[in-house]
1. For LYS78, which lysines qualify as cross-link partners when the Cα separation must be under 25 Å and same-chain residues fewer than eight apart are set aside?
2. What FRET efficiency comes out for GLN43 versus LYS63 if R0 is 25 angstrom and r is the Cβ-Cβ distance? Round to the nearest 0.05.
3. Nearest 20 debye, what's the magnitude of the dipole of segment 24-97 about its Cα centre given +1 on Lys and Arg Cβ and -1 on Asp and Glu Cβ?
4. Students often forget the sequence filter, so: which aspartates and glutamates lie under 12 Å Cα-Cα from LYS63 once same-chain residues fewer than 8 apart are removed?
5. Pulled fully out, how much extra length does the chain show between ARG91 and ASP73, if you take 0.36 nm times their separation in residues and subtract their Cα-Cα distance?
Amino acid sequence: PHIVQVNEYVDCFAFEPAGKFMLTFENEDRPGAISEVLEVLHQAGVNVASVNIAASKVAVDPKECLCFMSLDDDVSSKSMRALHSLDGLKRVSKIQL
């Protein structure tokens, strides 16, 4: 399966999930937004298999992106709480494949 469109993110990447888990979220399109997420995952020892990002086609301020991360490891409840507390992130979800 490939993910090619999600809601207003019509110019999406063609994304083939790899790994055992997936993390998805919307974030502000600003420098450092993804690195904050990667730092939380790094501290938890979660290996990221791939990262795919698509910008929204809807005019909002601040601009938003949709991110899908394929992960080799599960994200703990503690790490999910840390992700939910990051500024500029919303709709953080994990999926077991």
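1. Those lysines meeting the cut-off are LYS20, LYS90, LYS94.
2. Numbers: r = 27 Å, r/R0 = 1.09.
Efficiency, from the Cβ-Cβ distance: 0.35.
3. Numbers: 8 positive and 11 negative charges, 38 e Å.
With Lys and Arg at +1 and Asp and Glu at -1, about 180 debye.
4. GLU26, GLU28, ASP29
5. Additional length available on full extension: 4.5 nm.
No lab work stands behind these numbers, since they all come straight from the coordinates. Note that the structure is predicted; figures quoted are calculated from it, not measured. Cβ: placed from backbone, ideal geometry, glycine included. Neighbour counts: every protein chain shown.
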